[in-house]
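S.K.: Have a look at the structure that comes next, please.
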Amino acid sequence: MFTVAIIAVLASMSLAVARALLGPTAFDRLLAANSIGTLAIMLLALFGFLTERPEFLDLGITYALLNMTGTLAVLKFFRYGALGYDHADGDTEGKG
Amino acid sequence: MSVILDVLGWVLLCAGGFFCLIGAIGLNRMPDVFTRMHATSVSDTLGVGFLVVGMAVQTTDWTVWVRLAIIVIVLYITGAVASHALARAALHDGEKPLLANAEGALVKTGCEELYPELGVRIATPLTSEQVRQSVPSDEETAPSNS
């Protein structure tokens, strides 16, 4: 049963990769990258259950935290044009 | 008992894979970035939820349940935050959602045409200084009303 779920998740990941390659705007690519990250966590967990090694779940937790940080960092870069925050003046108009 | 758990595992894992596929197909077939976000939220909530519950019924180790619970909580919270940030960054960048006009045709409509104040808010988001200034005035007016 884990094999069936793994095949479904892999098919979903390949479709998300297609959107990441085709995506007309950068936000489509980011959305696809976020989706690929979520599906990769599920793939890790399912693979751990398939091989009966639940330590893979710890890798999944790490991946979830990294995925969120990466997406937010890229989005902040898009919106403000920089990753840092300038405290001197509140003027952080985006360039992009 | 194990037969019931096996059937439950099959049903839940197949449902999870089905919803992951639905989200991925929607990601490819939806017309613009905001509707694509709607499609991915299906696989991020229902797909992940069914897969994790399907995995949880296949084990009796409570440490695995805890790890699965951590994964699902982190994914649910961060998924909502990332979607919100993505939509806001897309709007701020000038991306316009496809909306139906009076004739029913789909056109790219800017928010400033629909809600003038909201459009200004998106084009020039509040800085933290303005937010800090606006908070005390809300607290002053709230007790007088109640």
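The values are calculated or read from the model by the stated rules, or taken from the named source; none is laboratory data. Keep in mind the model is a prediction, meaning the values are calculated, not measured. FYI the Cβ positions are ideal-geometry reconstructions off the backbone, even for glycines, and counts take in every protein chain you see. Note: accessible area is taken over every heavy atom of the protein model, side chains too, but ligands, DNA and RNA are not part of it. Shrake-Rupley method; radii C 1.70, N 1.55, O 1.52, S 1.80 Å.
S.K.: Please list B:Cys20, B:Cys14 from largest to smallest accessible area, probe radius 1.4 Å, with all protein chains kept in place.
M.R.: Numbers: B:Cys20 0, B:Cys14 60 Å².
The most accessible residue leads, giving B:Cys14, B:Cys20.
S.K.: Same structure again: Could you tell me the ratio Rg/Rh of region B:2-94? Both radii from Cα atoms, Rh via Kirkwood. Present the calculation step by step, with values, prior to reporting the outcome.
M.R.: Numbers: Rg = 15.8 Å, Rh = 14.5 Å.
Rounded to two decimals, Rg over Rh is 1.09.
S.K.: Using alpha carbons only, how many angstrom separate the centre of region A:13-58 from the centre of region B:1-22?
M.R.: Each part reduced to its Cα centre gives a spacing of 20 Å.
S.K.: A:Glu55 accessible area, nearest 10 Å², 1.4 Å probe?
M.R.: Counting only protein heavy atoms, the figure is 100 Å².
S.K.: How many nm is it between the label spots at B:Leu99 and B:Val66, if each spot is 7 Å from the Cα in line with the beta carbon?
M.R.: So the label points at B:Leu99 and B:Val66 sit 4.9 nm apart.
S.K.: Top to bottom by accessible area (1.4 Å), largest first, where do A:Phe78, A:Phe27 land? List each step's numbers first, then the result.
M.R.: Numbers: A:Phe78 60, A:Phe27 5 Å².
Output order, biggest surface exposure first: A:Phe78, A:Phe27.
S.K.: Please give, to one decimal in nm, the separation of the simple spin-label points placed at B:His38 and B:Phe18, each 7 Å out from Cα toward the Cβ.
M.R.: 2.2 nm
S.K.: For B:His38, tell me the accessible area in Å² from a 1.4 Å probe, rounded to the nearest 10.
M.R.: The accessible area of B:His38 comes to roughly 110 Å².
S.K.: Testing the spin-label approximation: label points 7 Å from Cα along Cα→Cβ at A:Thr25 and A:Thr69. State their distance in nm.
M.R.: Roughly 2.8 nm, to one decimal.
S.K.: Along region A:16-29, what does the Karplus equation 6.51 cos²θ - 1.76 cosθ + 1.60 (θ = phi - 60°) give for ³J(HN,Hα), rounded to whole Hz, x for Gly and Pro?
M.R.: So the Karplus estimates, Gly and Pro as x, are 5, 5, 4, 5, 5, 7, 7, x, x, 10, 5, 6, 5, 5 Hz.
S.K.: Please give the solvent-accessible surface of A:Thr69 in Å², to the nearest 10, using a probe radius of 1.4 Å with every protein chain present.
M.R.: Result for A:Thr69: roughly 80 Å² accessible.
S.K.: Give the A-B buried accessible area in Å², both sides summed, 1.4 Å probe, nearest 100.
M.R.: When A and B are taken together, about 4100 Å² of accessible area is lost.
S.K.: Residue by residue through region B:25-30, which ³J(HN,Hα) values in whole Hz follow from phi under the Karplus form 6.51 cos²θ - 1.76 cosθ + 1.60 (θ = phi - 60°), with glycine and proline marked x?
M.R.: With the stated coefficients, region B:25-30 comes to 5, x, 4, 8, 9, 6 Hz.
S.K.: From largest accessible area down, sort B:Arg29, A:Arg19; use a 1.4 Å probe on the protein chains. Walk me through the intermediate numbers first.
M.R.: Working: B:Arg29 195, A:Arg19 20 Å².
Ranked from most to least accessible, the order is B:Arg29, A:Arg19.
S.K.: Let me ask you something else. When a/c is below 1.5 the answer is rounded, else prolate if a/b is larger than b/c, else oblate, so apply that to region A:25-82 with a ≥ b ≥ c taken from the square roots of the Cα gyration tensor eigenvalues.
M.R.: Working: a/c = 7.19, a/b = 2.43, b/c = 2.96.
Here region A:25-82 falls in the oblate category.
S.K.: Rounded to the nearest 0.05, what FRET efficiency do A:Ala11 and B:Val7 give with R0 = 25 Å and r taken as the Cβ-Cβ distance? Could you check?
M.R.: Numbers: r = 24 Å, r/R0 = 0.95.
So the FRET efficiency works out to roughly 0.60.
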